[in-house]
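Here is the structure we will look at, set down as structure tokens.
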Amino acid sequence: MTTATTGATTAGAVGTAHTRVEGRDKVTGAARYAGEIPFADLAHGWLVLSTVARGRILSVDTGPVLGMPGVLTVLHHGNAPRLDTDYIGILGVPPDPTAAVFQNDRVPHAGWPVALVVAETPEQAREAAERLVVTYEREPHDIALSGDRPDAYPADGHMPAVTEKGDLEAELAACTHVVDAEYTTPEEHHAMMEPHAATARWDGGRLEVVDSNQGTTWVADELSRMFSLDASAVRVRSEHVGGGFGSKGLRAHQVSAVMAATELQRPVRVVLTRRQMFSLTGYRSPTVQRVRLGADADGRLRALEHRSLNQTSTVWEFVEPSAGAARVMYDADAHRTSNEVVRLDVPSPTWMRGPGEAPGSFALEAAFDELAERCGVDPVELRLRNDPEHGPVSGLPFAGRNLAACFREGAR
């Protein structure tokens, strides 16, 4: 935690110590997180996730579970309220259907939410959820990501899917040194310290959600649209966030908690387990990236191609824009980048710290190191020779670019 200091300080925000308003509460354990805030008459929900990788729900046997001690209700696709998912949210994308729970009998991947058991205590809810029998019709599934998938396609995401200029093949053929390599990165999960948790309650016709999220306005907007409520009728509070890293937007636990609170007319809390987070809260997709670099005898780039492929679910398209790194780092007479996706029977990926840049920079810079070896040039010197004055794709001058100085300082 940052604390106040005595003595001379630097004027302005940078270099000046500040006391964090929540610092003492956090280090003393007094800070309350979303799963800890008390509510009167609080009920607890426990999500039931699919055990098949693809298929259809044939039946949900709620009878025995409803007779268990403390159980209040079981929500599933046969009795849950209908949600509106035909909208574009404030982030410019439609909602991930993973969050729009219990709307049909389809199971698009393992770990898909199929029911919510609500009880008086979390222990009762968990025991009942583990007893709930769900019968499925299994279907063949496909979860194999590879660079030669014929069903891969370019996808825009938050940047154009493809950029290109020049004759790539002609320039590569004329180059003295060529690197043509494939790089892979594994999937990565956010795994923040605090799991996802939310409590929903109705207060005088107004929905209140106490949550751990990375944008209360964002989550409130999604909930108001999904439940067809006036924006002024939804309030989302997030007192403290024990880590998010891109994962804590609208998820299944908030939506299912609102559903249950609406049915029971009492506060309902849903907390995800660490295991449930792996299929419900997004992750950075694995990537397969092909990088082709061509340089003349002096190590100056004449050709650059960066193609990135990531997996997405069959219900939602998410692009990990790894090829975006090449669009700002290095230029060449022939320059092509593409971000592509393939739909598999897997959970939906999402934003994670440095989306695109993290896996994309790894592949691009690894290829540059290989090119430096081919050229017999120091890897830092190779980068300095190819540091552009203008954006490789935009053609615009940089507002500020101290990359060369960083390279030199790092080498020193």
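No lab work stands behind these numbers, since they all come straight from the coordinates. Computed from a predicted structure; not experimentally measured. Neighbour counts are summed over all protein chains in view; Cβ atoms, including those assigned to glycine, are modelled from backbone coordinates with ideal geometry.
For V178, put the label point 7 Å out on the Cα→Cβ axis and report which residues of the stretch 329-363 keep their amide N under 16 Å from it. Only 333-336 fall inside the zone, counting backbone N under 16 Å.
Quick one: net charge of G356's neighbours, Cβ under 12 Å, K/R +1, D/E -1? So the environment of G356 carries a net charge of +1. Dividing the summed helix terms, -39500 (n - 2.57) for each DSSP H run of n ≥ 4, by the number of residues in the chain produces a 222 nm estimate of -6500 deg cm²/dmol to the nearest 500. FRET efficiency for the pair A30 and R275, taken as 1/(1 + (r/R0)^6) with r the Cβ-Cβ distance and R0 = 22 Å, rounds to 0.15.
Report the local net charge at A323: Lys and Arg +1, Asp and Glu -1, summed over other residues whose C-beta lies under 14 Å from its C-beta. So the environment of A323 carries a net charge of -3.
Take every Cα pair under 8 Å whose residues are at least 6 apart in sequence, average their separation, divide by the length of the stretch 285-382, and the relative contact order is 31 percent. GNM on the chain, alpha-carbon springs under 10 angstrom: the most fluctuating residue among D167, D25, D387 is D25. Among the listed values (1) 61, 53, 40; (2) 78, 67, 34; (3) 100, 60, 46, the one matching Cα extents along the principal axes in Å as calculated from this structure is (2).
Placing a label point 7 Å from the Cα of A170 along the Cα-to-Cβ line, the residues of the stretch 284-324 whose backbone N sits under 14 Å from it are 303.
Charge tally for P286 (other residues, Cβ to Cβ under 12 Å; Lys, Arg +1; Asp, Glu -1): -2. Each part reduced to its alpha carbon centroid, the stretch 199-213 and the stretch 289-353 end up 41 Å apart.
Can you work out the base-10 log of I(q)/I(0) for the stretch 124-232 at q = 0.10, 0.24 1/Å, using the Debye formula on its C-alpha atoms alone? Values, matching the q order: -0.74, -1.29.
Set the Förster radius R0 to 25 Å, insert the Cβ-Cβ distance between V328 and H158 as r into 1/(1 + (r/R0)^6), and round the FRET efficiency to 0.05.
Between V328 and H158 the formula returns 0.95.
Among R327, R235, R401, the residue with the largest mean-square fluctuation in a Gaussian network model of the chain, with springs joining Cα atoms closer than 10 Å, is R401.
In terms of surrounding Cβ atoms within a 10 Å radius of their Cβ, Y136, Y283 rank from fewest to most as Y136, Y283.
Go ahead and run the numbers for FRET between V21 and L42, Cβ-Cβ distance against an R0 of 41 Å, rounding to 0.05.
For R0 = 41 Å, the calculated efficiency reads 0.90.
When H141, H158, H44 are arranged by Cβ crowding within 10 Å, least crowded first, meaning fewest neighbours, the order is H158, H141, H44. Under 13 Å from a label point set 7 Å out along the Cα-to-Cβ vector of E263, the amide N atoms of the stretch 49-86 belong to 60-63, 65-67, 71-82. Counting only whole DSSP H helices of the chain, there are none at least 30 Å long by C-alpha along their axis and with mean Kyte-Doolittle hydropathy no lower than 0.5. Here the contact order of the chain, divided by its residue count and restricted to Cα pairs under 8 Å and six or more residues apart, works out to 19 percent. With springs connecting C-alpha atoms under 10 Å apart, model the chain as a Gaussian network and identify which of V393, V236, V118 has the largest mean-square fluctuation. Top of the fluctuation ranking is V393. Spacing of the modelled spin labels on A405 and L91, each 7 Å from Cα toward Cβ, amounts to 3.5 nm.
Counted over the chain, the DSSP beta bridges are approximately 75% antiparallel.
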